[in-house]
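Structure first, commentary second.
The values are calculated or read from the model by the stated rules, or taken from the named source; none is laboratory data. Since the structure is predicted, the reported quantities are computational estimates derived from the model, not experimental observations. Note that each Cβ is placed from the backbone with ideal geometry, even for glycine, and that neighbours are counted across all protein chains shown.
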Amino acid sequence: MRQVFILLFFGFSIGVFAQEENAIKQSISVFFEGLQTSDTLKIQSVCHKEMKLQSITEKNAIGSLSFDSNSEFYKSIAAIPKNVKIEERILSYNIQIDGTMANVCTPYEFYINEKLSHIGVNSFTLLLENNIWKIVHIIDTRRKKI
């Protein structure tokens, strides 16, 4: 009987974890859907109002850190011309969850008008707020593919 209880507990735990992972991936997916369509309201629906944005640009193996305010970020997304197609292709997800916090690393390729612009890794920190995983921090690396 004890073994059955243990198996049921682990099966339930795995199911709950898979649901949380899917909800986290959904928030990140909504973020990128908004990015691709210049829909800042869609992006904001999965971002915490105090979200922090940082980028590390790599050139000749030297990193340079930059910061964006939320308002600058949203303005830059809204200003993307309609004839410019941007797409960030997520290659994989590495998700770690601790209660109401999650960390996600996603290697990516970034395309402008279907031409590879740069590659890198996103690192997201998310907070479970009102049953929605909200992005509170994004830092990414950006470099040309060699």
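Taking the criterion of being surrounded by 15 or more Cβ atoms within 10 Å (Cβ to Cβ) and out of contact with any strand residue (DSSP E or B) (no Cβ under 7 Å at 6 or more places or on another chain), the residues of segment 49-100 that qualify are Tyr74, Ile77, Ile97. In segment 33-42, the qualifying residues are those that are in a helix (DSSP H, G or I) and not β-branched (Val, Ile, Thr), and the one that is surrounded by the fewest Cβ atoms within 10 Å (Cβ to Cβ) is Leu41. Annotation note: Cβ proximity below 8 Å between a residue of segment 113-126 that is over 19 Å from Ile28 (Cβ atoms) and a residue that is of a type in the set (A, V, I, L, M, F, W, C) and surrounded by fewer than 20 Cβ atoms within 10 Å (Cβ to Cβ) (sequence gap 6+ or interchain) occurs for Asn113/Val84; Leu116/Phe110; Ser117/Phe110.
The residue of segment 10-23 that is farthest from Lys85 (Cα to Cα), among those that are at pLDDT below 95 and hydrophobic (A, V, I, L, M, F, W, C), is Phe10.
Whether a residue is farther than 22 Å from Arg142 by Cβ and not in a helix (DSSP H, G or I) was assessed, and Ile24 does not pass this test.
Scanning segment 24-32 for residues that are surrounded by 14 or more Cβ atoms within 10 Å (Cβ to Cβ), modelled with pLDDT of 95 or more and more than 11 Å from the chain's Cα centre (by Cα) turns up nothing.
Residues in segment 108-123 include at least one that is within 15 Å of the chain's Cα centre (by Cα) and farther than 17 Å from Lys145 by Cβ. A Cβ distance below 7 Å, combined with a sequence gap of six or more or placement on separate chains, defines the contacts here; from segment 71-96, residues that are touching a residue at least 24 places away in the same chain (Cβ under 8 Å) reach residues that are among the aliphatic types (A, V, I, L, M) and part of a helix (DSSP H, G or I) in the pairs Ile77/Leu35; Ile77/Ile43; Ile86/Leu35; Glu88/Leu35; Ile95/Ile24. Just so you know, in segment 43-86 the residues that are among the hydrophobic types (A, V, I, L, M, F, W, C), over 26 Å from Asn130 (Cβ atoms) and not in a loop (DSSP other than H, G, I, E, B) include one that is modelled with the lowest pLDDT, and it is Ile62.
Asn130 meets each of the listed conditions (1) out of contact with any strand residue (DSSP E or B) (no Cβ under 8 Å at 6 or more places or on another chain); (2) closer than 20 Å to Ser55 by Cβ apart from (2).
When the test is whether a residue is in contact (Cβ under 8 Å) with a residue 12 or more places away in the chain and either touching a Phe, Trp or Tyr at 6+ places or on another chain (Cβ under 6 Å) or part of a strand (DSSP E or B) (or both), Val104 passes it.
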